[in-house]
Amino acid sequence: MFGPKKKPIDDYVFDDEPKTLDKGKQSLQDMSLIEAQYNDFLVTKRGYLVVLLKVTGINLDLLTTTEQEDVFDEFNAFLMSTLGENSEEVQQYLDITMPVDFSEYILFWQHRYLTVLEEEPENEAKLALIASYVDTFSGVASSQEMTTKTHIVVLHEKIPKKHLASLEQTAIHLEEKVLLFIRQLENALSTYDVEARQLTAKECREVLQHLLNFSNH
């Protein structure tokens, strides 16, 4: 009777509306539609939990015209089974040109250089050769000369209320949706060895950073 008065349910609903950008007077966070990261998910200001999936591509140039038509037919059948005419589900497909990641390759040669330096310090030719590998590929990585096409699928789930329990429950639902989507996609295109996986939090940040940098060029 004398306890705190409960808020109306609408007070707990996300109600952020995209704002008109005031160029030069807003931070990146003000302009961003993303509120925060939660595990390997993104939380938007509109109250959605978003996940990014990376999907391997199909080289259509290596297929005959008939085989290409089969690919499109099978993919369309997959879309109809996962979306359908009456489904409220939304899937976004993005093809992003990303720089090739040489970090593991460079790290391997850096470790190799230290090993040779410890075991064969007198072998200057070998050390110089390995150092040239590190220098060359570090330069290529920095210049982003080599790129690859990355195929991204975006799925989301609405977060009903602004509290942790609701966020955690939504994450569980989205994880189940992701597993089902991956299984259905890989089964539908199994002939072409298509694979999909969820991007990690670090990979999501790299994609977002690349998109931001690209838009500023």
- Message: Regarding region 102-143, what's the average projected area of the Cα-atom convex hull, expressed in nm²?
- Response: 2.5
- Query: How many nm is it between the label spots at HIS163 and GLU118, if each spot is 7 Å from the Cα in line with the beta carbon?
  - Reply: 5.4
- Note on the structure: The simple spin-label model distance between HIS111 and LEU83, using points 7 Å out along Cα→Cβ, in nm, is 4.4
- Message: Residues of region 38-75 with the amide nitrogen closer than 19 Å to a label point 7 Å from the Cα of ARG183, along Cα-to-Cβ, please.
- Response: 53-54
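Working with all protein chains in place, sort ASP40, ASP135 by solvent-accessible area computed with a 1.4 Å probe, largest first.
Output order, biggest surface exposure first: ASP135, ASP40.
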- Task: Would you rank TYR48, TYR192 by solvent-accessible area, highest first, keeping every protein chain in place and using a 1.4 Å probe?
- Result: TYR48, TYR192
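The values are calculated or read from the model by the stated rules, or taken from the named source; none is laboratory data. Bear in mind the structure is a predicted one, so any value in this text is a computation, not a measurement. We place every Cβ from the backbone using ideal geometry, glycine too, and count neighbours over all the protein chains shown. Note: areas computed on protein heavy atoms with side chains; ligands, DNA, RNA excluded. Shrake-Rupley method; radii C 1.70, N 1.55, O 1.52, S 1.80 Å.
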